[in-house]
Amino acid sequence: MNTEKTLAIIKPDAVRAGKIGPIITMIYESGLAIRAMKMLHLTKWEAEGFYHVHRERTFFNDLTSFMSESPIVVMVIEATDAIARWRALMGPTNPAQAEAGTIRAAFGTTIERNAVHGSDSPESAAQEIPYFFNNLEMYPE
Ligand code: CMP
């Protein structure tokens with residue numbers, strides 16, 4: 001058993017579309033636990049800090065503008081194999097390639113406006129979770 005934590009974000013497109021509730025329901029129905037959660041409106045600078053690893057990519061400016069245009073919901077998800085399971089529930093980065101039943105198939109519109117984010121490895125989870133949460137904001141069960 002590999003219990004791990006991952007960072008999940010409901011992005012501005014999905015928050016504005018009223019999909020916080022349906023996405024949280026999908027999280028619980030797939031057996032994942034939410035250990036921490038809050039709503040934030042990132043500044044452009046904060047979005048740039050979060051997506052620092054992508055700073056050389058052509059889409060960096062668009063991505064960080066999008067992520068700071070209106071509020072997001074950030075969560076810590078914990079479960080056995082949480083990183084892989086949350087990524088499977090999200091579906092691929094491009095919603096056009098996402099299978100029915102995934103969050104991005106249901107609520108994503110483009111590769112940028114793809115409804116949700118998840119850490120892609122234990123190393124990125126270990127960097128991303130403390131960007132938004134300290135230990136006092138996480139609940140063990
Ligand atoms: P996310 O999982 O939040 O991590 C980086 C984000 O960059 C990704 O989801 C996409 O929303 C966004 N993005 C925008 N354009 C591209 C692209 N061409 N390739 C990959 N990711 C992109």
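Might you check whether a residue that is closer than 20 Å to GLU123 by Cα and aromatic (Phe, Trp, Tyr) occurs anywhere in region 86-101? Yes, that holds for at least one residue.
When region 20-52 is filtered for residues that are over 23 Å from MET138 (Cα atoms) and touching a helix residue (DSSP H, G or I) at 6+ places or on another chain (Cβ under 8 Å), the ones remaining, listed by number, are LYS44, GLU48.
Here are the criteria: (1) in contact (Cβ under 8 Å) with a residue 60 or more places away in the chain; (2) of a type outside the set (A, V, I, L, M); (3) touching a Pro at 6+ places or on another chain (Cβ under 7 Å). Tell me which single one ARG113 does not satisfy. For ARG113, the exception is condition (3). Among the residues of region 88-141 satisfying the criterion of being in a loop (DSSP other than H, G, I, E, B), more than 19 Å from PRO12 (Cα to Cα) and charged (D, E, K, R), which is farthest from the ligand (Cβ to nearest atom)? This residue is GLU141.
Considering each residue of region 68-78 in turn, none proves to be within 11 Å of the ligand (Cβ to nearest atom) and either free of Cβ contacts under 8 Å to residues at least 12 places away in the same chain or outside any strand (DSSP E or B) (or both). Within region 4-52, being within 14 Å of the ligand (Cβ to nearest atom) and either at pLDDT below 95 or among the hydroxyl-bearing types (Ser, Thr, Tyr) (or both) holds for THR6, TYR51.
The values are calculated or read from the model by the stated rules, or taken from the named source; none is laboratory data. In this text the structure is predicted, and so the values were computed from the model without any measurement. Reconstructed Cβ throughout: ideal geometry from the backbone, glycine too, with neighbour counts over all protein chains shown.
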